[in-house]
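What follows is a single structure, written as structure tokens, with notes after it.
The values are calculated or read from the model by the stated rules, or taken from the named source; none is laboratory data. All values reported here derive from a predicted model rather than from experimental measurement. Every residue, glycine as well, gets a Cβ built from its backbone with ideal geometry; the counts of neighbours run over all protein chains shown.
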Amino acid sequence: MGRTAAHRRHRSKRRTKGWKIVLRDFVLFAVALNVFALFHHVLPRKLQPVSAALYAAAAPTPTAVPAASPTPEPSATPVPGDFSASFPAFDTGADALYSYQTDAVRIAITRVQENGVTYFVADVYVKTIDALKTAFAKDTYGKSIYEFPLTTSERVGAVFAVTGDYYSARSLGVVVRNGTLYRDAANSDVCILYQDGEMKTYDSASFNLSDALSRGVWQAWSFGPPLLDETGAKLTQFDSQLTDRHPRSAVGYYAPGHYCFVVVDGRQSGYSVGMRLSELSALFERLGCKTAYNLDGGATAVMMFRGQVINQPYKGGRESGDIIYFN
């Protein structure tokens with residue numbers, strides 16, 4: 001009888017010890033899971049660019065060709081990304097609210113107040129594609145990295161800048177900045193500025209990253225939606241839940257080397273109520289753009305000139321992940 005009781009106590013101790021081990025393992029797993037979540041979802045992460053070579057098509061095997069007779073020297077053709085032939089020789093900002101005119105870039109900014117809405121339009125010409133630049137918050141590419149756009153603008157010496165697509169708030173969406181591919185996770189509408197100066201928008205179903213990279217991408221933004229159809233006409237239906245009146249930021253395209261940027265103030269009764277996407281689309285049609293693309297808006301919609309925020313951002317603005325700029 002004593003041996004049976006001792007045996008039961010021994011088995012009870014073993015069961016208790018077993019439960020303690022299970023409980024310890026569970027606690028350690030929970031701690032490890034929280035540490036992973038902290039580093040993966042909360043703390044800023046510096047990431048590395050993606051090698052565009054992953055998307056390069058294999059070079060075809062050379063084949064012998066018969067010798068050709070000499071041909072005349074071809075006439076000079078424009079260099080992709082060089083828009084000297086169409087760059088204005090005149091001052092584009094004669095009647096503008098703000099103007100910046102150099103031999104490399106011409107910027108004219110106007111402010112419009114109509115129908116309870118205040119918005120700013122920047123008409124921009126560049127002589128070469130590398131004059132249209134982008135910069136990351138804190139000069140770092142990564143998830144959850146933010147700073148006030150004016151701080152980013154001042155650090156890079158921008159004369160004119162607007163906020164971009166706030167890429168760092170998301171884990172998906174193609175990111176190409178100044179010719180470098182940083183993220184290749186295409187999952188939504190994308191706007192591509194090619195190195196030859198053309199800007200095009202795509203939905204996720206029609207976009208092919210390999211084809212775009214083989215042509216040469218200078219910038220790629222993932223926010224949207226696109227604001228004009230393939231003919232440059234306004235749209236009435238949008239793949240977005242934020243179609244009502246809000247502060248807005250968007251980029252438009254006329255021709256290689258000629259672009260415009262629009263920032264709409266909003267959510268401020270008595271000053272500016274903001275624009276619906278349909279109204280923003282109609283504005284770009286009136287401006288005569290061939291392509292237009294919605295960037296991050298709300299409190300992020302900020303336009304800067306010579307170290308000053310020139311619009312009136314909602315609640316004073318907020319930190320963001322990137323800017324588009326000129327200097």
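Quick notes on this structure:
- When Ser249 is tested against (1) crowded, with 23+ Cβ neighbours inside 10 Å; (2) within 24 Å of Tyr202 (Cβ to Cβ); (3) in contact with a Lys or Arg (Cβ under 9 Å, 6 or more places away or on another chain); (4) among the small types (Gly, Ala, Ser), exactly one condition is not met: (3).
- The number of residues in region 172-197 being within 23 Å of Phe238 (Cα to Cα) and buried (at least 16 other Cβ atoms within 10 Å of the Cβ) comes to 10.
Here is a yes/no grid of residues against (1) buried (at least 21 other Cβ atoms within 10 Å of the Cβ); (2) over 17 Å from the mean Cα position of the chain (by Cα):
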position: Phe90; (1), (2): no, yes
position: Ala94; (1), (2): no, yes
position: Gln101; (1), (2): no, yes
position: Ile109; (1), (2): yes, yes
position: Asp123; (1), (2): no, yes
position: Asp130; (1), (2): no, no
position: Lys138; (1), (2): no, no
position: Ser144; (1), (2): no, no
position: Ser153; (1), (2): yes, no
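- Qualifying residue in region 95-112 (condition: assigned by TED's automatic domain parsing to the domain that holds Val302 and at pLDDT below 95): yes
- Some residue of region 259-282 being closer than 20 Å to Ala137 by Cβ and assigned by TED's automatic domain parsing to the domain that holds Ala158: yes
- Residue within region 267-283 that is among the aromatic types (Phe, Trp, Tyr), crowded, with 21+ Cβ neighbours inside 10 Å and either in contact with a strand residue (DSSP E or B) (Cβ under 8 Å, 6 or more places away or on another chain) or assigned to a loop (DSSP other than H, G, I, E, B) (or both) present: no
- Single unsatisfied condition, Ala85 versus (1) under 27 Å from the mean Cα position of the chain (by Cα); (2) under 21 Å from Leu193 (Cα atoms); (3) at pLDDT 95 or above: (1)
- If you go through region 137-180 and keep only what is assigned to a strand (DSSP E or B) and within 17 Å of Ser249 (Cα to Cα), you end up with Phe160, Ala161, Val162, Thr163.
- Filter result (in a loop (DSSP other than H, G, I, E, B) and either small (Gly, Ala, Ser) or touching a His at 6+ places or on another chain (Cβ under 9 Å) (or both)) within region 116-134: Gly116
- Which listed residue is modelled with pLDDT of 95 or more, touching a Cys at 6+ places or on another chain (Cβ under 8 Å), of a type in the set (Phe, Trp, Tyr) and more than 15 Å from Tyr119 (Cβ to Cβ), from Tyr293, Tyr325: Tyr293
- Qualifying residue in region 246-257 (condition: basic (Lys, Arg) and in contact with a strand residue (DSSP E or B) (Cβ under 6 Å, 6 or more places away or on another chain)): yes
- Checking Ser222, Ser206 one by one, the residue that is small (Gly, Ala, Ser), within 20 Å of Ala161 (Cβ to Cβ) and either modelled with pLDDT under 95 or within 16 Å of the chain's Cα centre (by Cα) (or both) is Ser222 and no other.
- Residue within region 234-245 that is surrounded by 23 or more Cβ atoms within 10 Å (Cβ to Cβ), part of a loop (DSSP other than H, G, I, E, B) and in the same structural domain as Thr128 (by TED's automatic domain parsing) present: no
- Test: residue in region 301-308 that is surrounded by 24 or more Cβ atoms within 10 Å (Cβ to Cβ) and within 18 Å of Ser240 (Cα to Cα): yes
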